[in-house]
Amino acid sequence: MTPRGIHGRGYLPHWDIPGSTQAITYRLADALPADVLARLMAEVPARPDGSTDEHARRSRIERWLDAGHGSCLLARPEIATVVRDGWRHHDGERYHLLAWVIMPNHVHVVIRLLGQHSLTEVVRTWKTYTARRINALLGTHGQLWQQDYWDRLIRDEGHLWSVLRYVERNPVDARLVADLGAWPWSSAADAGLVPRGPVEAGALRS
């Protein structure tokens, strides 16, 4: 049975709420070794109440990913195409695809879930389909993606705009390209989603 509401495995809590707008990040399995992840997590100081500063932790992890560690298979056009087409396949049926970027070793994608479709199942379908296709292209087998994923529940329109800008600016901020539309594996180059229709039409409404 697919979990709903707030759930988690290990250190990653998930929001799985029908009709919600979500920003999702997942990475290649070799992009962040376990020892590096443990070190990055340990480097984040605890808050006064003893809790973990999730924003600081995620920022450190994303800086590591943006540095381009691991095999960076997603930089290969034929592989990036598989990932992009996997997202497009159920766009308008299970979710609305609002923005996306394929970085060399990780991806960011923003969607609004439709109907009763589960975020957990949507991400599982993306990863299963693309892993099978990419392994076939490479003539390899075994784990391609990290076992889990990060998701962020979008709170309001202001938060949505901030996240959309972050996603589409990621290649520029990572110094892969100088201009927003110059990275070919992004909704900025593909369709210019910031700013445009789905948000203005009410991307937070189910």
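The values are calculated or read from the model by the stated rules, or taken from the named source; none is laboratory data. As the structure is a prediction and not an experimental result, all values here were calculated from the model. Here the Cβ positions follow ideal geometry from the backbone for every residue, glycine too, while neighbour counts run over all protein chains shown. Calculation scope for accessible area: heavy atoms of the full protein, side chains included, ligands and nucleic acids excluded. Shrake-Rupley method; radii C 1.70, N 1.55, O 1.52, S 1.80 Å.
One line per residue, one yes/no per condition, for (1) more than 15 Å from His96 (Cβ to Cβ); (2) of a type in the set (Phe, Trp, Tyr); (3) at pLDDT below 90; (4) out of contact with any Phe, Trp or Tyr (no Cβ under 8 Å at 6 or more places or on another chain):
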| site | (1), (2), (3), (4) |
| --- | --- |
| Ile154 | no, no, no, yes |
| Gly158 | yes, no, no, yes |
| Val163 | no, no, no, yes |
| Val167 | no, no, no, no |
| Arg175 | yes, no, no, yes |
| Ala178 | yes, no, no, yes |
| Trp183 | yes, yes, no, yes |
| Gly197 | no, no, yes, yes |
| Ala203 | no, no, yes, yes |
Q | Elements of type strands (runs of 3 or more DSSP E) in the stretch 1-41, at least 3 residues being modelled with pLDDT of 65 or more and open to solvent by less than 60 Å² (accessible area, probe 1.4 Å) | A | 21-27
Q. Which pairs have Cβ atoms under 6 Å, sit 6 or more apart or on different chains, and link a residue in the stretch 145-168 that is among the small types (Gly, Ala, Ser) to one that is outside any strand (DSSP E or B) and surrounded by 15 or more Cβ atoms within 10 Å (Cβ to Cβ)?
A. none
